[in-house]
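Participant: Just passing along the structure, written as structure tokens.
No value in this document is a laboratory result; all are computed from the given coordinates. Quantities reported herein were computed from a predicted structural model and do not represent experimental measurements. No Cβ is skipped: glycine too gets one built from the backbone with ideal geometry, and neighbour counts run over all protein chains shown.
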Amino acid sequence: MGRGNHFLDIYNSLLKHFGPQHWWPGETPFEVIIGAILTQNTSWDNVEKAIASLKASGKFTPEGLFRLPAENLAQLIRSSGYFNIKAKRLKNFLSFLFDDYEGDIDRMLKEDGHILRHKLLNVNGIGPETADSILLYAAEHPIFVIDAYTKRIFSRHGYIDADATYHQMQELFMKCLPQDTCLFNEYHALIVRTGKELCRTNPHCDSCPVEYDLHKKGKNAIK
């Protein structure tokens, strides 16, 4: 049995255990993009508070935030942490959006995925995880998002090396799984749920569906 089958087995085990996660929370692609930038180094609860603050300001549009002074923007997103840095990152993204797409989110999202990813990675403050979250959750491109939970869970179970790079991990997932946006969306959300609740610094292995799956099939399943 190929490794890809085991990656699907783990997905099915997580889905059975947790159920659908209905990710990414956001009413519009623009909200998803702003959330993807704000969620760096903070919890989603804090991001929700920041987005609520932005909406309450009446400025929560590409043009509204683009024209808003950076210091005012920073105050509106204080709950997200590192708010001055994140205000600059949002401003960098908005400048890119207006320079390349005249502020039109729909036009940006229709861009070829490879080209858009390259452009996003050239925006100061947007790294691979944020760029891929934008591509997957806002633009609905089939690209697998890797985060710290992915590395922790799959390295602990021997599927990836502890020193694997972002792109090595992403390549493995995309090689082993069908190229399906909905699957990638749900899988990433389930990984995050597993990392937050079970595969922690002090892991709850007895409750982990991944651990159960490996024991059921035998440890040779990962070879």
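Participant: Using a 10 Å Cβ count of at most 11 others and DSSP loop calls, identify the longest part of the chain lacking such GluC sites (Glu not before Pro).
Facilitator: Of all site-free stretches, the longest is 103-223.
Participant: Apply the Karplus parameterisation 6.51 cos²θ - 1.76 cosθ + 1.60, with θ equal to phi minus 60°, to every residue of the stretch 75-87 and state each ³J(HN,Hα) to the nearest whole Hz, in sequence, with x for glycine and proline.
Facilitator: 5, 5, 10, 3, 5, 7, x, 6, 5, 5, 5, 5, 4
Participant: Right, something else. Of K49/K110; K49/K151; K49/K88; K16/K86, which pairs sit farther than 26 Å apart, going by alpha carbon to alpha carbon?
Facilitator: In this structure, K49/K110; K49/K151; K16/K86 lie more than 26 Å apart at Cα.
Participant: Which trypsin sites (Lys or Arg not before Pro) in the stretch 103-158 pass both tests, a DSSP loop state and at most 11 other beta-carbon atoms within 10 Å?
Facilitator: Within the stretch 103-158, the qualifying trypsin sites (Lys or Arg not before Pro) (loop, at most 11 other Cβ atoms within 10 Å) are K110.
Participant: On to the next question. Rounded to the nearest 0.05, what FRET efficiency do E27 and D161 give with R0 = 45 Å and r taken as the Cβ-Cβ distance? Could you check?
Facilitator: 0.70
Participant: Sticking with this structure for a sec: Work out how much length N41 to R78 would gain on full extension: take 0.36 nm times their residue separation and subtract the Cα-Cα distance, in nm to one decimal.
Facilitator: Contour length minus the Cα-Cα distance gives 12.0 nm.
Participant: Then there is this: Which entry in [x] 23.7, 73; [y] 18.5, 58; [z] 18.2, 61 is this structure's computed Rg and Dmax of the Cα atoms in Å?
Facilitator: Calculated Rg and Dmax of the Cα atoms in Å: the matching label is [y].
Participant: Now a separate question. Taking 0.36 nm per residue of separation and subtracting the Cα-Cα distance, what length does fully extending K49 through H204 add?
Facilitator: 52.8 nm
Participant: How big is the dipole moment of the chain about its Cα centre under a simple scheme where the beta carbon of each Lys and Arg is +1, that of each Asp and Glu is -1, and everything else is neutral? Debye, nearest 20, please.
Facilitator: 640 debye
Participant: What residues of the stretch 78-104 lie in the reach of a label at D112, counting those whose backbone N is under 18 Å from a point 7 Å from the Cα along Cα→Cβ?
Facilitator: Taking a point 7 Å out along Cα→Cβ of D112, the residues of the stretch 78-104 whose backbone N falls under 18 Å are 100-101.
Participant: If you don't mind, another one. Compute the relative contact order of the chain as a whole-number percentage, counting only Cα pairs closer than 8 Å that sit 6 or more residues apart in sequence.
Facilitator: Computed value for the chain: 26 percent relative contact order.
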